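Below is one structure, written out as structure tokens; comments come after it.
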Amino acid sequence: MISREKAVEILNKHLSTEHLVKHSYAVEAVMRGLAKKIEPENEEKWALAGLLHDLDADLLDYKNGEGNLHGPKAVELLKEEGFGDEEMYHAICAHNKDCGVKIESKMDQAIYAADPITGFITAITLVYPDKKINSVKVKSITKRMKETRFAAGADRGAMKSIEKLGVSFAEFAELSLNAMKEISDDLGL
């Protein structure tokens, strides 16, 4: 059985970069919200896949071409810890196009979309005068999507791909924003 307590222990063991840890909690929150909407019977699994999706980020050297290992290395760590299952492993790999694992399941699609929207919402939050996520409105997210120079590194195609699950982008933006607001203290926002 997978447990959040064990997942947090694994996260803290392998990931120490503060912004990556916060990002992991944000993706967990968004994935939990998406699971409640799309596949409620798998809420915990979706959430924990989100929490652990970047488990390997501190261990890889992206500048020297190890980006394609992002995902598979996380799965290797999870297997060593005896945590997770094949569905979770596949979703963690599928969130990184560079490792060549195709999006197949609803969870794969959800994590692929959830990963970039958390950074996008964080970037929007940080341009607000008070830098508080509670000040952010859904309209700001949908408007900023059209401004390609704003948070240019955020994969808008990945975020919009949520529509393949029958969720409009505006609905996804609202769900994601609300999920992140619920853990604003943990995110420092």
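The values are calculated or read from the model by the stated rules, or taken from the named source; none is laboratory data. All values reported here derive from a predicted model rather than from experimental measurement. So basically every Cβ, Gly included, is an ideal-geometry build from the backbone, and we count neighbours across all protein chains shown. The area values use the complete protein model at the heavy-atom level, side chains included, leaving out ligands, DNA and RNA. Shrake-Rupley method; radii C 1.70, N 1.55, O 1.52, S 1.80 Å.
Residue by residue, here is whether (1) over 21 Å from GLU5 (Cβ atoms); (2) in a helix (DSSP H, G or I); (3) touching a strand residue (DSSP E or B) at 6+ places or on another chain (Cβ under 9 Å) holds:
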position: ARG32; (1), (2), (3): no, yes, no
position: GLU44; (1), (2), (3): no, yes, no
position: LEU48; (1), (2), (3): no, yes, no
position: LEU55; (1), (2), (3): no, no, no
position: LEU59; (1), (2), (3): yes, no, no
position: ASN68; (1), (2), (3): yes, yes, no
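Taken over region 111-155, the criterion of being open to solvent by 50 Å² or more (accessible area, probe 1.4 Å) and among the acidic types (Asp, Glu) is satisfied by ASP130, GLU147, ASP155. With the structure loaded, tell me whether LYS79 is surrounded by fewer than 19 Cβ atoms within 10 Å (Cβ to Cβ), part of a loop (DSSP other than H, G, I, E, B) and free of Cβ contacts under 8 Å to residues at least 60 places away in the same chain or whether it fails that test. The answer is no for LYS79.
Taking the conditions exactly as written (charged (D, E, K, R) and in contact (Cβ under 8 Å) with a residue 24 or more places away in the chain), does ASP61 satisfy them or not?
No; evaluated as a whole, the condition is false for this residue.
If the condition is being in a helix (DSSP H, G or I), in contact with a His (Cβ under 8 Å, 6 or more places away or on another chain) and of a type in the set (A, V, I, L, M), then region 84-106 contributes ALA91, ILE92.
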